[in-house]
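Here is the structure we will look at, set down as structure tokens.
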Amino acid sequence: MRYADRIHTKLTQALAPVTLIVDDQSAAHAGHGGAAPGGETHFEVTVVSAAFAGKSRVARQRLVYDILKDELAERVHALSVKTLTPEEVA
């Protein structure tokens with residue numbers, strides 16, 4: 001399974017997001033540190049979920065990083081995370 005799919009599946013199962021965007025930006029980082037042949041090393045993730053309600057920005061990001069700890073340990077070199085509640089989008 002591709003890493004983008006793994007990220008999408010894990011975040012969907014853990015956070016039940018109303019919006020989830022997983023953008024593989026690896027091509028833009030080819031030749032940079034952490035880039036690997038075949039890509040799937042640099043991602044930007046936007047998650048809109050009620051699970052973030054009452055949590056600080058740092059706590060939200062820690063939650064996402066914890067959910068994706070295996071992917072970060074294996075191949076994902078860089079992960080940019082944007083976390084919002086549905087109310088913050090409206």
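Computed from the coordinates by the stated procedures, all read-outs in this text should not be read as laboratory data. What you see is a predicted model; the values in this text were computed from it and never measured. Neighbour counts run over all protein chains shown; Cβ positions are idealised from the backbone, glycine included.
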Original post:
Counting only the backbone N, which residues of region 47-67 are under 12 Å from the spot 7 Å out from the Cα of K82 toward its beta-carbon?
Top reply: 47-48
**OP:** Step through the residues of region 66-72 one at a time and calculate ³J(HN,Hα) from phi using the Karplus curve (6.51 cos²θ - 1.76 cosθ + 1.60, θ = phi - 60°), rounding each to whole Hz and writing x for Gly and Pro.
**Re:** 5, 4, 9, 4, 5, 5, 5
Original post:
For I67, what charge total do you get from the other residues with a beta carbon under 13 Å from its beta carbon, if Lys and Arg give +1 and Asp and Glu give -1?
Top reply: +2
Original post:
Measuring from the lowest to the highest alpha carbon on each principal axis, how far does the chain reach, largest first, in angstroms?
Top reply: 39, 21, 19
Original post:
Given a cut-off of under 8 Å on Cα pairs at least six residues apart, what relative contact order in percent is computed for the chain?
Top reply: 33 percent
**OP:** Report the local net charge at R2: Lys and Arg +1, Asp and Glu -1, summed over other residues whose C-beta lies under 15 Å from its C-beta.
**Re:** -4
**OP:** Would you calculate the separation in nanometres between label points at D5 and L20, each defined as 7 Å from the Cα along the Cα-to-beta-carbon direction?
**Re:** 1.4 nm
Subject >> Total formal charge among the other residues, if their Cβ is under 9 angstrom from that of V81, Lys/Arg +1 and Asp/Glu -1 >> reply: +1
**OP:** Hey, can you grab everything whose amide H is under 5 Å from the amide H of F43? Only 5+ residues off in sequence or another chain; H modelled, so Pro and N-termini drop out.
**Re:** Q25, A78, L79, S80
